[in-house]
Ligand SMILES: [Zn+2]
């Protein structure tokens, strides 16, 4: 791996000199280095970003290094086009994030359960947002009969269960794109309900009146979030999941 601290060619340094009063010299290096490896660009962009943050707010990193107190837990899709902070205009420190394929809440997923437990019981988040997105590839894959082989088949099976629950409504939608998008919404609703079925969420509701649960769907085509479902803390859940001795 090359030294990232600026192995510049003569051409690159000339271009840098020409740029004169450019605000951020690292940005100039990035522009002047067309043959840079893609991952090297990420590391240089990181240096530029850190420098800009400190220029705007000298105490930014000191403050965040000492304290994390987000109000929100975000459970989103791993899709690279749906970054939680960017689409909500939030900063580091504001949203605790978990992402997986098709934003599922599976009650045997130790990774997700650990994130929810930490967010609810230690960070005391006030809101949990399950955010899907229209055109989700994971949701589309689950609608097919294609064999994606073990692990992916296991994961997509959870969405097939949502399809089975809502088969009549989905089959009545003739346009396939619209059918996928409705399933994206129904999947988000089911995942929010899965959260409410968890005893740890019900226990938190009783103890603190938080967190409120939200089901959102992001539009890849317009960048806008559609709110499709809400479960305020204390909402009724299917009786079989409502535990007495919390
Ligand atoms: Zn997706």
| field | Proxy reagent accessibility, fewest Cβ within 10 Å first, across 49, 155, 74, 205 | value | 49, 155, 205, 74
| message | Output the 0 to 90 degree angle, nearest 10, between the alpha-carbon long axis of helix 152-165 and the longest principal axis computed from the alpha carbons of the chain. | response | 50
| Over segment 77-137, what relative contact order in percent results from Cα pairs under 8 Å that are six or more residues apart? | 40
| task | Kindly rank 119-125, 187-193 from highest to lowest mean number of other beta carbons found within 10 Å of each residue. | result | 187-193, 119-125
| Relative exposure of 181, 238, 109, 244, judged by other C-beta atoms within 10 Å (fewest first) | 244, 238, 109, 181
| So for the chain: antiparallel DSSP bridges make up what percent, rounded to the nearest 5? | 25
| said: Suppose a student asked you for the relative contact order of the chain, using Cα pairs under 8 Å spaced at least 6 residues apart; what percent would you report? | reply: 16
| task | Take every Cα pair under 8 Å in segment 195-246 that's 6+ residues apart, average their separations, divide by the length, and report that relative contact order as a whole percent. | result | 41
| field | the chain: calculated mean residue ellipticity at 222 nm from DSSP helix runs of at least 4, using -39500 (n - 2.57) | value | -14000 deg cm²/dmol
| said: I'd like the projected area of the chain, averaged over all directions, using the convex hull of its alpha carbons. Report it in nm² with one decimal. | reply: 18.1
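Read the figures in this text as sums done on the coordinates, not as results from a lab. Computed from a predicted structure; not experimentally measured. All Cβ positions, glycine included, derive from the backbone under ideal geometry; neighbour counts span all protein chains shown.
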